[in-house]
Amino acid sequence: MQAWLPLFPLQVVLLPDAELPLHIFEERYKEMIGEILRDNIEFGVVLASDQGLAGTGCTGVIDRVLRQYPDGRLDILTKGRRRFEIMSLNEDRPFLRGEVEYFDDEEVAGHAESPGGDDFRVRAIAGYNELRALSAEAPLPMDDIYHPQLSFRLARPVQDLSLRQALLSSRSETERLRKLADFLPAFLVRQRRIERVKQVAPRNGHGGKVAGVP
């Protein structure tokens with residue numbers, strides 16, 4: 001059994017089943033990733049900010065090594081797996097480790113004790129599909145609509161760290177869908193504005209505010 005979970009503090013929130021490419025260049029993390037590859041174990045990705053380490057993270061597994069460099073650097077592709085709470089930290093090694101407790105949802109998505117779940121689901125999916133359409137990507141596959149952790153899939157294109165951390169920490173799929181349904185409309189307004197600027201800027205010839213774009 002893995003007693004201490006190796007931790008990788010990053011300005012990233014990894015979600016279950018999501019992919020995360022990483023470039024490993026610091027000596028301490030070369031050592032850590034080397035042990036993870038050797039022993040085929042998980043490691044924890046935890047958000048690091050000016051306020052310190054988040055108390056909740058997500059384990060990652062190394063899906064594959066994309067590139068190895070002569071100086072020992074690595075490009076790897078990781079995939080999110082399990083959520084955890086950090087109970088204590090250990091700094092005996094060059095890299096941080098944690099004693100963690102794993103957790104899952106305390107409700108079963110779609111059950112009667114989750115009022116409003118269907119409405120939140122419909123609104124969140126609609127927002128996600130609009131977001132995908134902005135970059136000419138396909139909408140959510142029909143087979144995914146009732147996935148028990150649909151919210152994590154819908155959150156993948158949203159890189160707002162506060163929202164992602166709140167979703168990761170929540171133990172209710174209904175609550176996560178509600179957060180997404182409430183968040184996405186304003187986020188879409190900002191993304192549409194960004195897309196308009198991208199389209200106009202090459203023709204504008206200089207930086208600054210583009211006329212006609214609020």
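The values are calculated or read from the model by the stated rules, or taken from the named source; none is laboratory data. Computed from a predicted structure; not experimentally measured. Don't worry about glycine lacking a Cβ; one is built from the backbone with ideal geometry, like all the others, and counts go over all protein chains shown.
Within segment 104-125, identify whether any single residue is touching a strand residue (DSSP E or B) at 6+ places or on another chain (Cβ under 8 Å) and touching a residue at least 24 places away in the same chain (Cβ under 8 Å), and answer yes or no.
Residues of segment 104-125 that are touching a strand residue (DSSP E or B) at 6+ places or on another chain (Cβ under 8 Å), as a first pass: 104.
Applying the additional criterion that residues be touching a residue at least 24 places away in the same chain (Cβ under 8 Å) yields 104.
There is at least one residue in segment 104-125 that is touching a strand residue (DSSP E or B) at 6+ places or on another chain (Cβ under 8 Å) and touching a residue at least 24 places away in the same chain (Cβ under 8 Å).
Just give me the residues in segment 29-51 being assigned to a helix (DSSP H, G or I) and of a type outside the set (G, A, S), in sequence order. Quick ask: steps written out before the conclusion?
The first filter runs over segment 29-51 and keeps only residues assigned to a helix (DSSP H, G or I), leaving 29-39.
Scanning segment 29-51 gives Y29, K30, E31, M32, I33, E35, I36, L37, R38, D39.
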Looking across segment 64-74 at residues that are within 21 Å of E19 (Cα to Cα) and free of Cβ contacts under 8 Å to residues at least 40 places away in the same chain, the single one that is farthest from the chain's Cα centre (by Cα) is Q68
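Quick one: count up the residues across segment 1-16 that are of a type in the set (F, W, Y) and either in a strand (DSSP E or B) or crowded, with 17+ Cβ neighbours inside 10 Å (or both). If you could, list the steps in order and put the result at the bottom.
Our first condition is that a residue be of a type in the set (F, W, Y); within segment 1-16, this holds for 4, 8.
Now restrict to residues that are either in a strand (DSSP E or B) or crowded, with 17+ Cβ neighbours inside 10 Å (or both): 8.
Matching residues across segment 1-16 total 1.
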Residue pairs within 8 Å by beta carbon, gap of at least six or interchain, first lying in segment 154-180 and under 20 Å from V122 (Cα atoms), second β-branched (V, I, T) and not in a loop (DSSP other than H, G, I, E, B), listed first then second, are L154/I125
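What is the residue count in segment 79-90 for residues that are more than 17 Å from R28 (Cβ to Cβ) and either touching a residue at least 24 places away in the same chain (Cβ under 8 Å) or surrounded by 15 or more Cβ atoms within 10 Å (Cβ to Cβ) (or both)? So that I can check it myself, show each step before the final result.
If we filter segment 79-90 for residues that are more than 17 Å from R28 (Cβ to Cβ), which is where we start, we get 79-88.
Filter again for either touching a residue at least 24 places away in the same chain (Cβ under 8 Å) or surrounded by 15 or more Cβ atoms within 10 Å (Cβ to Cβ) (or both), leaving 79-86.
Within segment 79-90, residues that are more than 17 Å from R28 (Cβ to Cβ) and either touching a residue at least 24 places away in the same chain (Cβ under 8 Å) or surrounded by 15 or more Cβ atoms within 10 Å (Cβ to Cβ) (or both) number 8.
To keep it simple, each residue is scored yes or no on (1) at pLDDT 95 or above; (2) assigned by TED's automatic domain parsing to the domain that holds E26; (3) outside any loop (DSSP other than H, G, I, E, B).
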| position | (1), (2), (3) |
| --- | --- |
| G72 | no, yes, no |
| L77 | yes, yes, yes |
| R81 | yes, yes, yes |
| P94 | yes, yes, no |
| E99 | yes, yes, yes |
| R123 | yes, no, yes |
| L131 | no, no, yes |
| Y146 | no, no, no |
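With respect to R83, determine if the residue is in contact with a Cys (Cβ under 7 Å, 6 or more places away or on another chain) and not β-branched (V, I, T).
Numbers: in contact with a Cys (Cβ under 7 Å, 6 or more places away or on another chain): yes; not β-branched (V, I, T): yes.
So R83 fits the description; yes.
Listed here are the residues, each with its yes/no results for (1) among the hydroxyl-bearing types (S, T, Y); (2) surrounded by 13 or more Cβ atoms within 10 Å (Cβ to Cβ); (3) under 15 Å from the mean Cα position of the chain (by Cα); (4) farther than 28 Å from S162 by Cβ.
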{"position": "A18", "(1), (2), (3), (4)": "no, yes, yes, no"}
{"position": "L22", "(1), (2), (3), (4)": "no, yes, yes, no"}
{"position": "K30", "(1), (2), (3), (4)": "no, yes, no, yes"}
{"position": "I36", "(1), (2), (3), (4)": "no, yes, no, yes"}
{"position": "Q51", "(1), (2), (3), (4)": "no, no, no, no"}
{"position": "C58", "(1), (2), (3), (4)": "no, yes, yes, no"}
{"position": "I62", "(1), (2), (3), (4)": "no, yes, no, no"}
{"position": "I76", "(1), (2), (3), (4)": "no, yes, no, no"}
Checking P9, P70, P16, P21 in turn, the sole residue that is within 17 Å of E99 (Cβ to Cβ) and of a type outside the set (V, I, T) turns out to be P9
Matching residues in segment 91-102 (surrounded by fewer than 15 Cβ atoms within 10 Å (Cβ to Cβ) and over 18 Å from the mean Cα position of the chain (by Cα)) number 6
